[in-house]
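A quick write-up on the structure given underneath.
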């Protein structure tokens, strides 16, 4: 063996060493959690460098080579894990169960890093389940809070249903391909122009499992109701764990591209979740619950991107959403103070129809200008014809709220708002270009049905949200608000159905008698 080959084999051991290091720290030294996460981040950086230099050596399918998606996700998880664990040490300083929380945080991170680095679908499925079980211990950190236990029970049931779908999918894969190695499965799929019905069914089962674990409607309620867990747990859940479904789809992108029904299902499920969750978020008062509904909508948008075959954008979305949600949850306390300050400010008048139309023209015009420029400079990036212009319309519509936001009077303030919105479009386009070079283009052409669903869904969202902005006290808003505030009652119906099949076993402490309570109050007085 040459020296370069020996170095490659040695450095490739960094991948299995990451989950092993985290698991060992969880078992023996939970108080060294921050140091263990920093060591894992250094090992992840070495593994990513191996992949960039072409030195990564897959080890029997158990550990995959370091491609762009895996390296990005591993660096993200290890980096955020170090920050969250360090925050948790201070946040739980006076909690008697601090070591227990750190132990399960490390166990969860160990499961996530195993899932990211493995080259075997079987190991991936086991790591996914182990991550869910470790997270369950964190969600039930306060055993004396019945609401937290009920929410964790709901997530437990949804996750076990997802496990059943993944298990059935793996069984079909093994019967057809005869291997669980991701490389072998994707090579088998790439060698066939049309997949058999069993492999198409396996892809649909995997999509269903991802939708269940990504808190898509109507299986979303647990994501909003686990907010009684410690804030570091919420940050880890929303910044890392809930994104795993998107990462699994990105890893198996050639398979999903080859099954049109799976792609349409992703678009349909994700789009419904985006529309409903985005509208419900506008009615939330609690900061953490609003962030949870935002995560639900973002995961729906991620599934839409995967269903359309926009894999580079999906990877960019995972990265951006993880960083944003980790920052948002870890500063949730200061967000409450900012919300209180904002609520004391006078409420401005709703935007006029003319301002909405002008904002739409400016936003869409800016986005179309970026697409036109990309078509001239980088035609290999913007080469889908009408789909590029449709994408520009959607991006332009997304920045309309920035343009109609209340601003100080005067031309300078209006110019600043316009520059900010234009900067968002330019930055998004720039990141799109960078991401497009990181992953290969999909083998299948974009689905016309999927794009039609996207146009209809986002048109409905824009029209409803614009109507609510223009007439916040109109009859339409008064009729719709109770439904949105209740989340269309979807979670209540799902909860009744699930708890009828498997009710939670929760022991609630008996209430203190009124006479005893009066005596206690008098003694303390």
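The numbers here are math on the coordinates, done by the rules we state, and not lab data. What you see is a predicted model; the values in this text were computed from it and never measured. With ideal geometry, Cβ positions are generated from the backbone for all residues, glycine too; neighbour counts draw on all protein chains shown.
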Residue separation times 0.36 nm, minus the C-alpha to C-alpha distance between residue 324 and residue 86: what's the value? 83.9 nm
Whole angstrom only: what separates the Cα centroid of segment 258-300 from the Cα centroid of segment 150-211? 22
Per-peptide average of other Cβ atoms within 10 Å, ordering 211-223, 308-320 highest first: 211-223, 308-320
Apply the a/c threshold of 1.5 to the C-alpha gyration tensor of segment 91-224 and tell me whether it is rounded, prolate or oblate. prolate
Between residue 489 and residue 13, what's the calculated FRET efficiency when r is the beta-carbon distance and R0 is 41 Å? Round to 0.05. 0.20
Relative packing of 183-192, 358-367, which averages over residues the other C-beta atoms within 10 Å, highest first: 358-367, 183-192
Testing the spin-label approximation: label points 7 Å from Cα along Cα→Cβ at residue 187 and residue 289. State their distance in nm. 5.3
Efficiency of FRET between residue 29 and residue 142 - r from beta-carbon atoms, R0 25 angstrom, step 0.05: 0.55
Estimated inter-spin distance, residue 433 and residue 260, nm [label 7 Å along Cα→Cβ]: 3.4
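Grab the Cα-Cα distance for residue 469 and residue 272, subtract it from 0.36 nm times how many residues apart they are, and report the gain in nm with one decimal.
Difference between extended and current length: 68.8 nm.
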Kindly state, to the nearest 0.05, the FRET efficiency for residue 194 paired with residue 452, given R0 = 22 Å and r defined as their beta-carbon distance. 0.40
What's the ranking of 38-45, 457-464, 164-171, 110-117 by average number of surrounding C-beta atoms within 10 Å, highest first? 110-117, 38-45, 164-171, 457-464
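Using the count of nearby Cβ atoms within 10 Å as a rough guide to exposure, how do 505, 263 rank from fewest to most?
Fewest to most other Cβ atoms nearby, the residues stand as 505, 263.
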